[in-house]
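Inspection log for the structure reproduced underneath, given as C-alpha cells.
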Amino acid sequence: MNRHLPTPGRVVLVLTAACAFTAALASDAKPAAPPAGAAVHGGHHYLLVDEVEDLSWDSARTRCEQQGGHLAVVTDAEEAAFIAGLCDGRYMFLGASDADEEGRWSWVDGSDWEFTHWMKGQPNDYTGSEDYLATYDGGAWVDVDGSGDDFWMPTGYICEWDR
C-alpha cells in the first residue's frame, strides 16, 4: 500500500474541512450595500421590483438574497403604512410564508410573528396552496400561491436591507 495516496476517509475529511472553511469565509463577508434608489424607513432600505417575468415567491426571495437583502419583513403598523405607500396599489410579495405548517406564519429573517395586517377574510388558503404573503388593496395582506399567472398574483416584490 502506498502511504502517499490518501485513503477514502482522509479525502472526505479534507473536502469537508475545505468546504467548512469556505463557508466560514463566505459568512464573514460584508453584506452588500443596498442599491442606489432604495427607499429608507426606520434605518432600513427597501426596493420595490415590479413587472417581473416568471415571478415566484422563491425566485423573489433568491433575488433579494443575491443582492444582500431579504424579502420585506413588516413588524409594525408604521412600517405597514410605509410599505403600502411604496407599493402604491401594486400587488407585491413580502417575506413571510406558512409553507412549512399551514396557519403558522414566519418571516424570512426569523423576526417574531406578532404584528399582522390581514385583509378581511384573510388568510384563507383559498386554493389549498396559498402559503405566501403579499400586499393587496391599500397595503392589506393576503395569502397567495407561490407562482402563477392569474390576475390575483403579485407582479413583483419588495427587498429589504437591515441597515
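One line per residue, one yes/no per condition, for (1) in contact (Cβ under 8 Å) with a residue 60 or more places away in the chain; (2) closer than 25 Å to residue 69 by Cβ; (3) in contact with a Leu (Cβ under 9 Å, 6 or more places away or on another chain):
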| residue | (1), (2), (3) |
| --- | --- |
| 124 | no, no, no |
| 129 | no, no, no |
| 140 | no, yes, no |
| 150 | no, no, no |
| 154 | yes, yes, yes |
| 157 | yes, yes, yes |
(message) For region 32-53, which positions are free of Cβ contacts under 8 Å to residues at least 24 places away in the same chain and farther than 12 Å from residue 156 by Cβ?
(response) 36, 37, 40
(request) Give region 87-126 a look and list any residue that's more than 17 Å from the chain's Cα centre (by Cα) and of a type in the set (A, V, I, L, M), or say none. (result) 119
(request) Look at residue 63 and say whether it is in a helix (DSSP H, G or I), of a type in the set (D, E, K, R), under 28 Å from residue 36 (Cβ atoms) and in contact (Cβ under 8 Å) with a residue 60 or more places away in the chain. (result) yes
(message) Residues that are surrounded by 15 or more Cβ atoms within 10 Å (Cβ to Cβ) and at pLDDT below 95, at least 3 per element: which strands (runs of 3 or more DSSP E) completely within region 66-163 meet that?
(response) none
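The values are calculated or read from the model by the stated rules, or taken from the named source; none is laboratory data. Since the structure is predicted, the reported quantities are computational estimates derived from the model, not experimental observations. Reconstructed Cβ throughout: ideal geometry from the backbone, glycine too, with neighbour counts over all protein chains shown.
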